[in-house]
Each structure stands twice: as structure tokens, then as C-alpha cells.
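Data first, discussion second: the structure below is written as C-alpha cells.
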Amino acid sequence: MTQTGDTGDVRDQLLGWLLPDGGPVSSLAQENVERFCWYELPVKWMAEPAEYPRILATLAGLLDDAGRPRAAAVCMSEATHEALSAWQRAPEQGRAALQRAVDASPVTPPDTAMLRWGPVMGIDEAVARGNASRLLEQALDDGVLVPGSRGYAAARVTHLERWLTTPHPAYDGRTPLDAIHVERRHTWAEAPPAARRRVRGPLADLLAVAPEVPDDTAEPLRWLLESVGDGVTLTQAGYLPRALVIEAAERYDWYLPGMVPRTEHDVFRLAELHELAREARLLTKRHRKLTLTARGRQHLADPALLQTTAAQAWFGDGVTADLAEAAAAALLGGERTLDELTTAAHTLAAEAFTLADGSAPSPDDIRHFLWKWLRPGEALGFLAYRDRRRSTITLTAPGRAAALTALRLRAHAPRSTPWA
């Protein structure tokens, strides 16, 4: 792009840049106008800052003439002024101002409980996001969505989610959400190294359909939430009351036969559940009073939500979740000994990870990890032991559904790197 000359030259350059394939100015999406004003003009155009006002005024005139006042207003907006000024100060300030402007734009598709947009997208997701932006723009133009009105944010999400879950010819009769999930699963299954692909590849088709949610999913966690209810008084040391500890030990056979536990610390599975429920904000502590949160009540009323939260907490994130994938994939094939699970997870770890000193994880390192994964899994009712002496482990019916739920959530998660 050369330096701009008269207004006619600026007009021709803008049309060539924004509509390279021709077409009417009325077809230009507001999202594209925003990208030009907040990023392309200061970063990609070879124009001096002194020329920005004339360039923007020309673009605004083109949009006004095409009957696009909302998009034209972007050119002269405070967001555009702030972005251009920030880019002149420093690239990092420009990027920050760009992100703030994009986040605040009414045509930027919001994240919803159904879908979080990824910072790194495949072709199908990028196309869907562009279409979603046009959908919101059309709703604004039609007055279906009115910024600043009561319930605007919720209506915006509802409008988007309705579109995401409606089959469309552009996606071969699938919903846009399905198209995004298929693409994300494929990317997830193909992520390097080869050991990860060997774990994930066979799971991709299995994760295409959401697992059924058993009525008794994460039943021990449900029992704990119901038992705490409107509140219990913790001990001076911050443990669950002894009566609750004894009830848990007897209900789930979580303590030595013929013996009675003294504190929560004696029943490690109950301690695991208590910690998980607190970290998931299902229970809250004020002074020595432990009570169910509003979020906890929602989980008690919704088994699918309870399963999702429990499965995510069980798998964790980062390296922990990667190794949990390998162990879960092995268990989905049938019961396994601890040694077999260790081998499955170590095969992945040896190829994909290194320790802080640069060495590869040893089987003992992986076995230590597995115990930290197996304990909450058993506490949640997701794992069972057929033979403790041989450490033969199997997924329960709720555990199989939870493992598939956790794997599906990971496969469908937004990407922050080219490979999930």
C-alpha cells in the first residue's frame, strides 16, 4: 500500500483492500470495518498517522452512502481513536487496545455456556464466528437486539445459541456447533507427538455422541452436598463433623472393618470429596459453618451439570489431564492393573514431557501421579477395584460416562495453540 493521494485514490484503495473480489459496499460486514480501523490501518497500511482522519472519513462516507450508518460510526468512534493512538505508542499497547475494542463490540460473538470461541481457530470455526458476527449485526439492524436495553446481554446469548444449534445448509445440514466440534475433535485427535495421537485417535469417533448421564453419577459427591445442605459446623481443626465422617465411612465402606474413624483426616476419600466440592465452589465456609452454595444447589438439581463438574475436577488440567487421558483411554478398553495403567501413561509421558531438570519422567513418577488421579476417582464412585491385592481397576457405569464426558470436554475445548 502506497501513501494516499487525493480522495479518489483513497476511495479506490479502500475498495480494493476491503472488497478485493468486488461487490457492493453494503455487503461489507461491520466486523471487517472494525478490523480495518483497529488493526489493518495502523499496522498494515503504509500511511502516516496524519492521513488517518481522511482515510477514515472516506470510509465512513462510503458506508453512509451504502446505507450502513452503524458501520460508518465505527470509523469516527472513540474506540477507533484509542486504538490508533495506542498503536502509535507501542505495539503491545496497540494489541491491548485492539482486544478491548473487539471485546466491547456488539457484533463480537460472546462466549456462552455452550461454546467458548478459541483464540486459535480452524477454518470451520473461523467461518462460523464470522457468520455469527453477521447474525448479531443483522439483529442489531433489525432492532431485535438493542444495546443497553434491559436483558440485552442475555438476549444476545440466546440469539446466538439458537443459531448455533439450528441445522444449516452451509454446514451440510449440521448445526454450526456440530461443525465446530467436529473440527476441534479432529485437531485434538491429531495433536503431536505420536504417542498422544495413539491415545486420542481411537477415541475421536467414540466422543462424537454425548454419553448418557446415569441418575447416580458422582453419587458420593451428591450425598455430601445433600448432607451439608443448609449448613454443618466444622471442628476446631476445620474438619467435617465426626457424625458425618462416621456416616460416610459406613455408607461407602471407607474405613477399616470394625473400627470407627475419629476425624475426616482418617477417611481420605471423604477428604478428597470435601476438597473437590470446596474448589468447585459447591460448598462454602464462613467461620466454622460449611454450607451449600447456590451453585451447589444447581448441581443437585441437574445430574448432567454435576457429572460435568465432577469429571472436570477428576481430570484436572495441564499435564495432569494429559496423563489422565491415557489412563482413562486404557480403562475404557476394560479393567487394568495399576502396572498396566502406569505403562499406558508412561508411554505418553516419556514422549511428550520432561521434568524440570530436563530428564524424562520415570515409571515411579507416573505411578505417583496415578495415585493422585485414582483416589478422587474412587471417591466420586467412578472407579472400583475388583482385586485390591493386584490393584485391578475398572470404570463403574457412572465412571465410564464421566470419563467420556471429561474427554469430550477436552476434545471440544477452545484452542490456544495450533495443536490442542
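Mind checking whether some residue in segment 257-277 is touching a strand residue (DSSP E or B) at 6+ places or on another chain (Cβ under 9 Å), assigned to a helix (DSSP H, G or I) and within 25 Å of Leu407 (Cβ to Cβ)? Lay out the reasoning, then the answer.
Residues of segment 257-277 touching a strand residue (DSSP E or B) at 6+ places or on another chain (Cβ under 9 Å): 274, 277.
Filter once more, keeping what is assigned to a helix (DSSP H, G or I): 274, 277.
When the remaining residues are screened for being within 25 Å of Leu407 (Cβ to Cβ), the result is 277.
Scanning segment 257-277, I find at least one residue that is touching a strand residue (DSSP E or B) at 6+ places or on another chain (Cβ under 9 Å), assigned to a helix (DSSP H, G or I) and within 25 Å of Leu407 (Cβ to Cβ), so the answer is yes.
With respect to the numbered conditions (1) modelled with pLDDT of 95 or more; (2) exposed (fewer than 12 other Cβ atoms within 10 Å of the Cβ), which one is the sole condition not fulfilled by Gly258?
Just one mismatch for Gly258, condition (1).
Taking Asp111 as meeting all but one of (1) in contact with a strand residue (DSSP E or B) (Cβ under 7 Å, 6 or more places away or on another chain); (2) farther than 21 Å from Trp38 by Cα; (3) of a type outside the set (Phe, Trp, Tyr), write down the number of the exception.
Exception for Asp111: condition (1).
Could you check segment 169-198 and list, in sequence order, the residues that are open to solvent by 50 Å² or more (accessible area, probe 1.4 Å), part of a helix (DSSP H, G or I) and farther than 30 Å from Ala321 by Cα?
Pro169, Ala170
Taking Arg162 as meeting all but one of (1) more than 30 Å from Pro398 (Cα to Cα); (2) more than 24 Å from the chain's Cα centre (by Cα); (3) charged (D, E, K, R), write down the number of the exception.
Single failed check for Arg162: (2).
Considering only residues of segment 109-154 that are under 19 Å from the mean Cα position of the chain (by Cα) and open to solvent by less than 20 Å² (accessible area, probe 1.4 Å), which is nearest to Ser416 (Cα to Cα)?
The selected residue is Gly118.
List every residue pair whose Cβ atoms sit under 7 Å apart, with the two residues 6 or more apart in sequence or on different chains, where the first one lies in segment 287-314 and is without any contact (Cβ under 8 Å) to a residue 60 or more places away in the chain and the second, anywhere, is assigned to a strand (DSSP E or B) and exposed (fewer than 15 other Cβ atoms within 10 Å of the Cβ).
Short answer, once both residue conditions are applied: Arg288/Thr233; Lys289/Thr233.
Could you tell me whether Leu225 is open to solvent by less than 10 Å² (accessible area, probe 1.4 Å), part of a helix (DSSP H, G or I) and closer than 29 Å to Ala344 by Cα? Walk me through how you get there before you give the answer.
Numbers: open to solvent by less than 10 Å² (accessible area, probe 1.4 Å): yes; part of a helix (DSSP H, G or I): yes; closer than 29 Å to Ala344 by Cα: no.
No; evaluated as a whole, the condition is false for this residue.
Any idea which residue in segment 364-403 is least open to solvent (accessible area, probe 1.4 Å), counting only those that are modelled with pLDDT of 90 or more and of a type in the set (Asp, Glu)?
Glu378
Only one of these is at pLDDT 95 or above and within 22 Å of Gly8 (Cβ to Cβ): Ala79, Ala60. Name it. Quick ask: steps written out before the conclusion?
Numbers: Ala79 fails: within 22 Å of Gly8 (Cβ to Cβ).
None of the other options fit; the residue is Ala60.
Just need a number here: residues in segment 111-135 that are of a type in the set (Asp, Glu) and within 17 Å of Arg185 (Cβ to Cβ). Spell out the reasoning first.
Filtering segment 111-135 for residues of a type in the set (Asp, Glu) gives 111, 124-125.
With within 17 Å of Arg185 (Cβ to Cβ) added as a condition, the list becomes 124-125.
Final tally of qualifying residues: 2.
Out of segment 326-343, which residues are of a type in the set (A, V, I, L, M) and in contact (Cβ under 8 Å) with a residue 60 or more places away in the chain?
Taking segment 326-343 and keeping what is of a type in the set (A, V, I, L, M), we get 326-332, 338, 341.
Matches in segment 326-343: Ala326, Ala328, Ala329, Leu331, Leu332.
Condition check: open to solvent by less than 70 Å² (accessible area, probe 1.4 Å) and closer than 24 Å to Ala155 by Cβ. Does Ser85 satisfy that?
Numbers: open to solvent by less than 70 Å² (accessible area, probe 1.4 Å): yes; closer than 24 Å to Ala155 by Cβ: no.
No, not satisfied.
Please verify whether segment 245-256 includes one or more residues that are under 33 Å from the mean Cα position of the chain (by Cα), in a helix (DSSP H, G or I) and of a type outside the set (Asp, Glu).
Restricting attention to segment 245-256, the residues satisfying the condition of being under 33 Å from the mean Cα position of the chain (by Cα) are none.
Taking every residue of segment 245-256 in turn, none turns out to be under 33 Å from the mean Cα position of the chain (by Cα), in a helix (DSSP H, G or I) and of a type outside the set (Asp, Glu).
Looking at Gly22 and the list (1) of a type outside the set (A, V, I, L, M); (2) outside any loop (DSSP other than H, G, I, E, B); (3) under 30 Å from Ala139 (Cα atoms), which single condition is not satisfied?
(2)
Look through Ala406, Ala350 and report the one residue that is open to solvent by 20 Å² or more (accessible area, probe 1.4 Å) and either in a helix (DSSP H, G or I) or of a type in the set (A, V, I, L, M, F, W, C) (or both). Quick ask: steps written out before the conclusion?
Details: Ala406 fails: open to solvent by 20 Å² or more (accessible area, probe 1.4 Å).
One residue alone meets the criteria, Ala350.
The values are calculated or read from the model by the stated rules, or taken from the named source; none is laboratory data. Note that the coordinates shown come from a computational prediction; the quantities given were computed from them, not determined experimentally. Don't worry about glycine lacking a Cβ; one is built from the backbone with ideal geometry, like all the others, and counts go over all protein chains shown. Accessible surface is based on the protein model in full, side chains and every heavy atom, while ligands, DNA and RNA are left aside. Shrake-Rupley method; radii C 1.70, N 1.55, O 1.52, S 1.80 Å.
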